[in-house]
Number of protein chains: 2
Amino acid sequence: VSELPRSSVLLAVGTELTEGVVLNTHFRFLGSELKSLGFPVVRAVQLPDEPALFGAELRAALAAAGVVVITGGLGPTSDDLTREVVAQVTGRKLVFQPQVWETLLGMYAASGRQIPQTNRKQAQIPEGFRILQNVVGTAPGFWGRVGASLCVALPGPPAELEPMFLRLVVPVLEAQAGQAPGEQLGGELPGSVFMVPESLLEEALQQGRQAVVAGPSAPAEGGLSWGTRVAEDRITFTLRGAEAQGREELFAYLQGRFGPLRLRRGDLRPSGLLFELLRQRGETVSFAESCTGGLLAKMLTDMPGSSEVFWGAVVAYANAAKTSLLGVPEATLAEHGAVSPQTASAMSYGLLRCAGTGVGVAVTGIAGPEGGSAEKPVGTVWISARLREGAELCRHFLVPGGRDQVRRRSAVAAFLMAECLLRGQDPAVLG
Amino acid sequence: VSELPRSSVLLAVGTELTEGVVLNTHFRFLGSELKSLGFPVVRAVQLPDEPALFGAELRAALAAAGVVVITGGLGPTSDDLTREVVAQVTGRKLVFQPQVWETLLGMYAASGRQIPQTNRKQAQIPEGFRILQNVVGTAPGFWGRVGASLCVALPGPPAELEPMFLRLVVPVLEAQAGQAPGEQLGGELPGSVFMVPESLLEEALQQGRQAVVAGPSAPAEGGLSWGTRVAEDRITFTLRGAEAQGREELFAYLQGRFGPLRLRRGDLRPSGLLFELLRQRGETVSFAESCTGGLLAKMLTDMPGSSEVFWGAVVAYANAAKTSLLGVPEATLAEHGAVSPQTASAMSYGLLRCAGTGVGVAVTGIAGPEGGSAEKPVGTVWISARLREGAELCRHFLVPGGRDQVRRRSAVAAFLMAECLLRGQDPAVLG
C-alpha cells in the first residue's frame, strides 16, 4: 500500500446545510483534527442532496487529496445518497451486510420499536469498504482505499460523527499513513498578543522575519511563516517554520517590541491570565465598572470555576450609582468629571471598602458614540487597579474604535492593569 | 445586462477555517439568505489562504453559478488575498480608491492613531468593481459583474459581513436579478422569537404553512417560504411569499403558538425591547446578577444611549457579596440556598433599596458545569422582577444547554420578565 498524500478534502452533504437550516460544525472539528494528524484540509465543500453534483465533487476530491471525508447522507431516507454515490463513483456494488442489519434489529428490539423496511438500506456498504460502527445512532460509517486515497464516510449528527472519527478513523489514518503522527509536520509556536492592532502585528512579524533571516543563525529561505487570527479580546498567531530556533528568535523579537505582558506564548485570554494569577496567589478580585457596563464581570464569569477568584462587581453606570454604591464624592464628580483619574481612583477605593477582595479594579471612560469632547474624546478611559494593602496604579488609555471596541479594549486593558499591579510592574509596559 | 442564473457558490477563504481554528457561520447565514432571495447555494467551499487553490476555485465558481460570494481575505495582512485573486482571475487591475483611503484615514485620525502603511492595500479594488462600505470595521467589500455572474467579496468577521450583506448586497441582487425588489420575490415579513428552540420554530412554521395553505384564503402553491437565523439572544426569521395575507396568517399562527411576548414583528433584541419600553415610560432599571455575572448589564449597555434608562447593576457572585451589597439575609442563603425564590426575591428587594430605579431585576441560577444537583440541576434559574411601588414577579426557569447558553438564555428571560411586569402580564406567557 502506497503512502497517502498529505492532504484532505471534506465533503458535507445535505440540503439542510446549503439552505442554512443547520450550522455545519464538521469543518471545524475535522479541520482541526486532520491538521494535527498531518493531513491539512485543502478544500471543504458543502453540497445539496443532488447525486450529480455530489458525484462530480467526490471524483474531483479523490483525484486531489490523500484523505476524503464525506459527512452526512447515511440515514434511511431517500435524500440519503452517500452509499449510492460512493458505490457509483468508485465502480463498486453495494453489498448487504447481515451483521449491520442484525445490530439495527437489536437496537430497535431493545427499544420496543418495529424497524421500518426503509432502514434496510443502512445495512448496505460499497464492496471492499469496511464498516465503522456507530455506537450512538443507527447509521454505520465506512472507509476504504480508492486508488491512492482513503475515502471515509461518516454520519451527519455531530454526536455520532465525532466519537466515530476519534475512536475509529484516527487509528486507521495513523496506520495508513505509515508513520507516527506529527513526524513530518514541522514545529509551531503559538502566541497571543493584546492591545496591539492587527496591522502593527503584521508589520512587526515582517520586520522580525527580516531581522531573523539576516541574523547569524538564519533559517532556510521561506522557513518562517505565520497565521494570525483576530478574536474579541486578543490576536492569536502561529509561527511556523522548519527550525525551532528561527521561531524562537522571531518570538523574542516580537516580545522585545510589545513587552512580556502584551505578548504571550500560547492561545491565552487576558481574563484567563488574570484568573490563573489570582488562583495561584489565592487572591480574589472585584470590579467597579462604568463604561464597560458589566463586561469585565461577564468576561471573567464566562470561565467555569471563576467563583474561586471572583467576588462580584458594581456596575455604576449613572453618577448616582457611583456615589451611592461606591461612595465617590459628588464634589469629585462635579470638579473632575466621571471620566478622570480622581473618579477612577475613588471608585476603586470605594469598591475595596465594600468588597472583601485583595484586588479591586475600576474603569471609567467614554465608550461613545455620544459623550466625547475635544478634551476627552470617545475612547478616553481611566483605569485604577488597587490592592487592599494600599498600592494603586492609575492610568489613562486612549482606546481606538467604535463603542463595542472601546468597551472590549478597555476590559482587556483593565485585566492587564490588574496583572501589572499584582506582578509589581510599571503600567508603561502596556504601550 | 442578462439575467443572473439562479444559483450561488460560496467561497470562504482562510486557513483559520480549514484548520478548524474558527467556526464558519457564513455558510449558514448566506445559505439561508440566498435561498430565500431565489439563488440557492449549489456549492459552498472553504479554502486555505493559498492563491493557486483560491484562483482555481473562483474560476470554477464563476463558470458554475449566477452569484459567487467570497468571504474573508480583505484584511491588511499578507494572508489577505481576495483583492489580488479576484483581480487576477477576472483579468482586471487593482485600482487605488482615494475615497476608501480617506475613510480609513478618517477612522484612524478620529481615534488619534497613525495608520500603518500596510493598510493602504485595503483601499485597492479590482477595476470595474464597486465598493461596499463597511460601517463596522476597516475592510470595505466590493461587487461587480463578471461575465454572466455577479461576484461579491465580503469581509470575514460576521459582525461586518452580515449587515453589509443585508443592507448593501440584497438590493444589488434584487436589482441585478432583473426585477424590482420584491417583485418576483414577493414581500417580506421579518420577525424575532425568544426562548423558543430552533427545532420547535421550524415545526411551527411548517405546521403553520399547512394550516394557511389549507385555509379559505390559500396562497398559490409554494408561495410561502422562510429563512431563519439563530443569534445570541434570539432567532430572527423572514417570512416570504407572493401575498401579504398569507404571510400575515402564518405570523398570526406563530404568535398564537408562542404568545405576543416571545414572538415579535421585526428584528428585535430582548434588551432593546426593554430599553424602548423603559424610554417610553420614562423609567429606569437596575440589575442584581448572580449566575449571569454582569451579562444583563453588558447587554443593556451594548446599546448606545442606554445611560438614559440604566442606573447600574450589582454583580453579587459570591454569597458574601449578596449579603454585603444587597442585604440578602445570611439565614435566607443558609436555609434556602443561593438559587431559590427566597434569595431571588431578597436580591431584588435589596437592589431597590440601594438603587434609585423604578424597576429592579434579580437573577440567580446554576450556570454549570459544576454546582448542579438532582434537586437543582444545572440550568435551574430564579428570576425576580420588582417595581419600586411593590409589585413583584418571581419565577422559575429550567434553561437547557451548557454554561454559555444557560447564561444567555437566563438574561433573555430576565429582560422578558421585566417587560411582563411593566406590561402587567402573567409570566406564564413566557412558556
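Could you say which residue among A:Thr301, A:Thr292 is within 13 Å of chain B (Cβ to nearest Cβ), without any contact (Cβ under 8 Å) to a residue 12 or more places away in the chain and closer than 30 Å to A:Ala367 by Cα?
Step by step, each of A:Thr301, A:Thr292 is checked, and only A:Thr301 is within 13 Å of chain B (Cβ to nearest Cβ), without any contact (Cβ under 8 Å) to a residue 12 or more places away in the chain and closer than 30 Å to A:Ala367 by Cα.
Do any strands (runs of 3 or more DSSP E) entirely within region B:101-213 hold 1 or more residues that are open to solvent by 20 Å² or more (accessible area, probe 1.4 Å) and touching a strand residue (DSSP E or B) at 6+ places or on another chain (Cβ under 7 Å), and if so, which? Filter on region B:101-213 gives B:124-126, B:130-132, B:141-146, B:187-193. Taken together, the residues in region A:271-289 that are open to solvent by less than 30 Å² (accessible area, probe 1.4 Å), more than 25 Å from A:Ser199 (Cβ to Cβ) and more than 9 Å from chain B (Cβ to nearest Cβ) amount to 7. Could you run through region B:417-428 and say how many residues are open to solvent by 50 Å² or more (accessible area, probe 1.4 Å) and touching a residue at least 60 places away in the same chain (Cβ under 8 Å)? Of the residues in region B:417-428, 2 are open to solvent by 50 Å² or more (accessible area, probe 1.4 Å) and touching a residue at least 60 places away in the same chain (Cβ under 8 Å). Quick one: is B:Val95 open to solvent by less than 40 Å² (accessible area, probe 1.4 Å), over 23 Å from the mean Cα position of the chain (by Cα) and more than 30 Å from A:Lys376 (Cα to Cα)? Taking the combined requirement at face value, the residue does not satisfy it. Within region A:242-265, the set of residues being modelled with pLDDT of 90 or more and open to solvent by 50 Å² or more (accessible area, probe 1.4 Å) comprises A:Glu248, A:Glu249, A:Ala252, A:Tyr253, A:Gln255, A:Gly256, A:Arg257, A:Pro260, A:Arg265. Taking the conditions (1) in contact with a Pro (Cβ under 7 Å, 6 or more places away or on another chain); (2) open to solvent by 40 Å² or more (accessible area, probe 1.4 Å); (3) of a type outside the set (Val, Ile, Thr) in turn, B:Leu268 satisfies each one other than (1).
Residue pairs whose Cβ atoms lie under 7 Å apart, separated by 6 or more positions or on different chains, with the first residue in region A:324-341 and β-branched (Val, Ile, Thr) and the second open to solvent by 30 Å² or more (accessible area, probe 1.4 Å) and assigned to a helix (DSSP H, G or I), are A:Thr332/A:Gln342. For A:Val89, state whether it is open to solvent by less than 10 Å² (accessible area, probe 1.4 Å) and either at pLDDT below 90 or away from chain B (no Cβ under 14 Å) (or both). No: the conditions fail for A:Val89.
Selection of region B:348-362 for residues being within 14 Å of B:Ala414 (Cβ to Cβ) and either assigned to a loop (DSSP other than H, G, I, E, B) or more than 12 Å from chain A (Cβ to nearest Cβ) (or both) yields B:Ser348, B:Val359, B:Gly360, B:Val361, B:Ala362. The helices (runs of 4 or more DSSP H) located wholly in region A:292-340 that include 3 or more residues which are closer than 29 Å to A:Phe275 by Cβ, in contact with a helix residue (DSSP H, G or I) (Cβ under 8 Å, 6 or more places away or on another chain) and at pLDDT 95 or above occupy A:295-301. Taking (1) at pLDDT below 85; (2) closer than 23 Å to B:Leu268 by Cβ; (3) surrounded by 15 or more Cβ atoms within 10 Å (Cβ to Cβ) in turn, B:Leu239 satisfies each apart from (1). Filtering region A:316-339 for residues that are touching a strand residue (DSSP E or B) at 6+ places or on another chain (Cβ under 6 Å), of a type in the set (Val, Ile, Thr) and within 25 Å of B:Ala338 (Cα to Cα) leaves an empty set. Only one of the numbered conditions (1) open to solvent by less than 10 Å² (accessible area, probe 1.4 Å); (2) without any contact (Cβ under 8 Å) to a residue 40 or more places away in the chain; (3) under 25 Å from A:Arg353 (Cβ atoms); (4) within 8 Å of another protein chain (Cβ to nearest Cβ) is violated by B:Gly368, and that is (3). For beta carbons closer than 8 Å, sequence separation of 6+ or different chains, a first residue in region A:263-284 that is without any contact (Cβ under 8 Å) to a residue 40 or more places away in the chain and a second that is assigned to a helix (DSSP H, G or I) and open to solvent by 20 Å² or more (accessible area, probe 1.4 Å), the qualifying pairs are A:Arg279/A:Glu308. Scan A:Gly128, A:Gly147 and give me the residue that is in contact with a Lys or Arg (Cβ under 9 Å, 6 or more places away or on another chain) and under 21 Å from A:Arg59 (Cα atoms). Unique residue meeting the criteria: A:Gly128. The lone criterion from (1) at the interface with chain A (Cβ under 7 Å from one of its Cβ atoms); (2) touching a helix residue (DSSP H, G or I) at 6+ places or on another chain (Cβ under 6 Å); (3) within 29 Å of A:Glu203 (Cα to Cα) left unmet by B:Asp79 is number (2).
So, A:Leu58, is that one of a type in the set (A, V, I, L, M, F, W, C) and buried (at least 20 other Cβ atoms within 10 Å of the Cβ) or not?
yes
Restricting region B:22-48 to residues that are closer than 19 Å to A:Asp49 by Cβ and of a type in the set (Phe, Trp, Tyr) leaves a set whose member that is nearest to the other protein chains (Cβ to nearest Cβ) is B:Phe27.
Tallying residues that are more than 7 Å from chain A (Cβ to nearest Cβ) and buried (at least 20 other Cβ atoms within 10 Å of the Cβ) within region B:307-338 yields 5. In this structure, A:Arg386 does satisfy being touching an Asp or Glu at 6+ places or on another chain (Cβ under 9 Å) and of a type in the set (Lys, Arg). Output yes when any residue across region A:382-389 is away from chain B (no Cβ under 12 Å), touching a Pro at 6+ places or on another chain (Cβ under 9 Å) and open to solvent by 10 Å² or more (accessible area, probe 1.4 Å), and no when none is. Yes: one or more hits. Considering only residues in region B:394-416 that are outside any helix (DSSP H, G or I) and open to solvent by 30 Å² or more (accessible area, probe 1.4 Å), the one that is nearest to the other protein chains (Cβ to nearest Cβ) turns out to be B:Gly402.
The values are calculated or read from the model by the stated rules, or taken from the named source; none is laboratory data. All values derive from a computational prediction rather than experimental measurement. A quick note on method: Cβ atoms are made from the backbone with ideal geometry, for glycine too, and the neighbour counts reach across all protein chains shown. What goes into the accessible areas is simple: the full protein's heavy atoms, side chains included, and nothing from ligands, DNA or RNA. Shrake-Rupley method; radii C 1.70, N 1.55, O 1.52, S 1.80 Å.
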